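K.L.:
Let me begin by handing over the structure; questions about it come next.
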Amino acid sequence: MILISIIASLPLFGNMANGQAKMNKKAVLVIHGGAGVISRENLSESMEKEYRNELAKSLQIGYKILKKGGSSEEAVVEVISNMEDSPLFNAGIGSVLNENGNVEMDASLMRGDDLACGSVAGVRRTKNPIRGARVVMNETKHVFIIGEGGDVIAEKYDLPVEPPEYFQTERRLKQLEERKKQNDRRGSLIYDDSKFGTVGAVALDQSGDLCAGTSTGGTSNKLMGRVGDSPLIGSGTYASNKSCGVSCTGDGEYFIRSQAANTAAALMEFGGKTIEESLKSVMDDHVGPLGGVGGLIGLDKDGNYSWYFNSKGMYRGVLFEDGTMLVEIFGAP
Ligand code: ASP
């Protein structure tokens, strides 16, 4: 039996953490389940437990794959698929709805060894958009397929598809109603709790290869056709064995404008910064000053991990080489 223990929540430095420096062991998988106004006051004990369990379950899925020598790509796809299948997160079946009450889901995947990448945006029937992104990356000569084309590719490669009603959960329909009452005509550019739950993962396998992926339903009450940062390589996702893998969450528009994921990798590769310094700089010097709220996770080729967010909390977790893991939700007290 695989022995996995959850290390009790440790007080972090502000809203950041650097794994190897603090834990003195190599991280092999870092995940997030979205950032936002997540605080002890607005998360019940039972919901907190559900989130912690789901994050831990996702890390365990990754551990099983990585321990037996599976690729970082496989680990990221399986971990994100598991989170997409949980209604807790804003991805797959938990996706938020656009202004018309429909899902339009976005996902991307990138490999660190050859910079191969694949994305889908605005898919409405693909059960696991991250698997769609993988098909685009591995089976086509393209890197980005949008809308119906993404669902058709999923069907062509026998990925599970569902009717649109499958994704229209009670919770998200209610949330949409609330957003509409606020009469936000700009298409949800105000950061609020209806955007929690985008999911992302970065893994490092035994061959030393990094892979990063992100999947989301976007923002509640978004305009039809709106695409955020999550499927955009360089904005919401990036991976290079020369630096690190990164996955972002938060106000997508600001992460796009600051090219957040690629900026983090470039700060490492060309700026000589550590993973911790890079992630902090992306939020404090780039996304934050524009007005963007959210966070990001990162893992470098030596197994140093970090996360950083300027929101109240971020669902997040890290798995170490020895199978131990750390799951966190809230920011610094
Ligand atoms: N970044 C996502 C988007 O803008 C939303 C989120 O991460 O909460 O589509």
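K.L.:
Would you mind finding the longest exposed-site-free stretch of the chain, with exposed trypsin sites (Lys or Arg not before Pro) meaning DSSP loop and at most 10 other Cβ atoms within 10 Å? Before the final figure, lay out the partial values.
P.N.:
Values: sites that count: K68, K141, R185, R186.
Of all site-free stretches, the longest is 187-333.
K.L.:
Averaging sequence separations of C-alpha pairs under 8 Å and six or more residues apart, then dividing by the length of the chain, give the relative contact order as a whole percent. The partial results should precede the final answer.
P.N.:
Details: 929 pairs, mean separation 93.4, N = 333.
Taking the mean separation of contacting Cα pairs over the length of the chain, I get 28 percent.
K.L.:
Distance cut-off 22 Å, Cα to Cα: go down the list K127/K180; K25/K64; K273/K312; K64/K301; K57/K273 and report the pairs above it. Working shown, then result.
P.N.:
Details: K127/K180 26 Å; K25/K64 18 Å; K273/K312 25 Å; K64/K301 20 Å; K57/K273 32 Å.
Long pairs (Cα-Cα over 22 Å): K127/K180; K273/K312; K57/K273.
K.L.:
On to the next question. State, to one decimal in nm, how far the label point of K64 lies from the label point of S207, with both points 7 Å from Cα in the Cβ direction.
P.N.:
That separation, rounded to one decimal, is 2.2 nm.
K.L.:
Rounded if a/c is under 1.5, else prolate if a/b is larger than b/c, else oblate: which is the range 132-285, with a ≥ b ≥ c the root eigenvalues of its Cα gyration tensor?
P.N.:
Oblate shape, in that a/c is at least 1.5 and b/c is the bigger or equal ratio.
K.L.:
Along each principal axis of its Cα atoms, how long is the chain end to end? Whole angstroms, biggest number first, please.
P.N.:
The Cα atoms of the chain stretch 49, 45, 43 Å along their principal axes.
K.L.:
Pulled fully out, how much extra length does the chain show between S39 and D284, if you take 0.36 nm times their separation in residues and subtract their Cα-Cα distance? Provide the component values of the computation, followed by the final result.
P.N.:
Working: separation 245, 0.36 × 245 = 88.20 nm, distance 2.09 nm.
Contour length minus Cα-Cα distance gives 86.1 nm.
K.L.:
With runs of 4+ DSSP H residues as the only contributors, calculate the mean residue ellipticity of the chain at 222 nm using -39,500 (n - 2.57) per run, divided by the residue total and rounded to the nearest 500. Before the final figure, lay out the partial values.
P.N.:
On the way: 9 runs with 96 residues, N = 333.
Computed mean residue ellipticity for the chain: -8500 deg cm²/dmol.
K.L.:
According to the square roots a ≥ b ≥ c of the eigenvalues of the Cα gyration tensor, what is the shape class of the range 261-312, taking rounded for a/c under 1.5, prolate for a/b larger than b/c otherwise, and oblate for the remainder? Intermediate results must be reported in sequence, preceding the final value.
P.N.:
Details: a/c = 2.66, a/b = 1.52, b/c = 1.75.
Verdict is oblate for the range 261-312.
K.L.:
Shape verdict for the range 100-180, please, from the Cα gyration tensor: rounded (a/c under 1.5), prolate (a/b greater than b/c) or oblate. Walk me through the numbers before you get to the answer.
P.N.:
On the way: a/c = 2.84, a/b = 1.97, b/c = 1.44.
Prolate, since a/c reaches 1.5 and a/b exceeds b/c.
K.L.:
Still on this structure: Taking every DSSP beta bridge that has both residues in the chain, what percent is antiparallel when rounded to the nearest 5?
P.N.:
Details: 53 of 59 bridges.
Beta bridges within the chain, antiparallel portion: roughly 90 percent.
Every number here is computed from the coordinates shown, using simple stated rules; none is lab data. None of the values given here were measured: they were computed from a predicted structure. Note that we place each Cβ from the backbone using ideal geometry, even for glycine, and neighbour counts take in every protein chain shown.
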